[in-house]
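Comments concern the structure below.
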Amino acid sequence: MQILEMKDIVKTYLMGEEEQTVLKNVNFSINEGEFISILGPSGSGKSTLMNIIGCLDMPTSGEYILNGNEVKDLEEGELARIRNKEIGFVFQQFQLLPRLSALQNVELPLIYAGVKEKERKERAQEMLIRVGLGEKLKNRPNQLSGGQQQRVAIARALVTHPTIILADEPTGALDQKTGYQIMDLFKELNREGRTIVIITHDENIAKNATRIVKILDGCLSEVAS
């Protein structure tokens, strides 16, 4: 089932008095259960595309349909709900709150979603166990390795049962061995049926996905599997 479709997406920014086109008539779709890498160098437009997929930014023109809804027609409250429940974000620098435990960090999206305390603690614990951190529930980020912090971030992304897990350079702050371990976790999650999109500049990381889409100068091209 198709869960995301982009039609002729254009994104331009005003740089001084000149317009700069960052995305050029992007056509792109994602089916439920896919594992996709969006591969491109710095300045290719991949971060802009990620922000639009994640409803953090809006296209200048074109259509973006997510779960049957045209995103540009949605009110800010509905966009906030999508960012909280439909998109599970994983960032390069983990974005964990340093004073909170692993469990409390994973609970955060559920707090924003209004989930009651007992349920959110149970769900957060379940997700931390799922990513192999069942013994680290009370640890703060500075008591965890980089790989463990990224696992907490992945658990936080999973806890709302999102439509898409959207990971921005998820191995960029990790050593190579730990990075491959994180990619193995993503592959496991995909085998369980989760839809995963990874943004990366690293071809070796991109190859872990079952589908690779290259972006260069704001244009997309599929890589033959």
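Some points to look at:
- Some residue of segment 173-185 being small (Gly, Ala, Ser) and either open to solvent by 10 Å² or more (accessible area, probe 1.4 Å) or touching a Ser or Thr at 6+ places or on another chain (Cβ under 9 Å) (or both): yes
- Within the set Thr160, Thr171, Thr178, the sole residue that is assigned to a loop (DSSP other than H, G, I, E, B), touching a Gly at 6+ places or on another chain (Cβ under 6 Å) and modelled with pLDDT under 95 turns out to be Thr171.
- Filtered residue count, segment 102-115, keeping only those that are open to solvent by 40 Å² or more (accessible area, probe 1.4 Å) and modelled with pLDDT of 95 or more: 1
- Test result for Arg99, of a type in the set (Lys, Arg), out of contact with any Asp or Glu (no Cβ under 7 Å at 6 or more places or on another chain) and under 18 Å from Val197 (Cα atoms): no
- Tabulated pairs, segment 64-75, first within 18 Å of Met50 (Cα to Cα) and hydroxyl-bearing (Ser, Thr, Tyr), second outside any helix (DSSP H, G or I) and open to solvent by less than 70 Å² (accessible area, probe 1.4 Å), C-beta under 6 angstrom, 6+ apart or interchain: Tyr64/Met6
- Unique match (being in contact (Cβ under 8 Å) with a residue 40 or more places away in the chain and more than 19 Å from Pro41 (Cα to Cα)) among Gln181, Gln150, Gln143: Gln150
- Residue within segment 78-86 that is touching a helix residue (DSSP H, G or I) at 6+ places or on another chain (Cβ under 7 Å) and at pLDDT below 95 present: yes
- Residue among Ile198, Ile129, Ile205, Ile212 that is open to solvent by 40 Å² or more (accessible area, probe 1.4 Å), of a type in the set (A, V, I, L, M, F, W, C) and either part of a helix (DSSP H, G or I) or at pLDDT 95 or above (or both): Ile129
The values are calculated or read from the model by the stated rules, or taken from the named source; none is laboratory data. The structure presented is a predicted model; accordingly, all values stated were derived computationally and were not measured. Cβ sites come from the backbone with ideal geometry, for glycine too, and all protein chains shown count toward neighbours. In case anyone asks, the SASA skips ligands and DNA or RNA and just uses the protein heavy atoms, side chains included. Shrake-Rupley method; radii C 1.70, N 1.55, O 1.52, S 1.80 Å.
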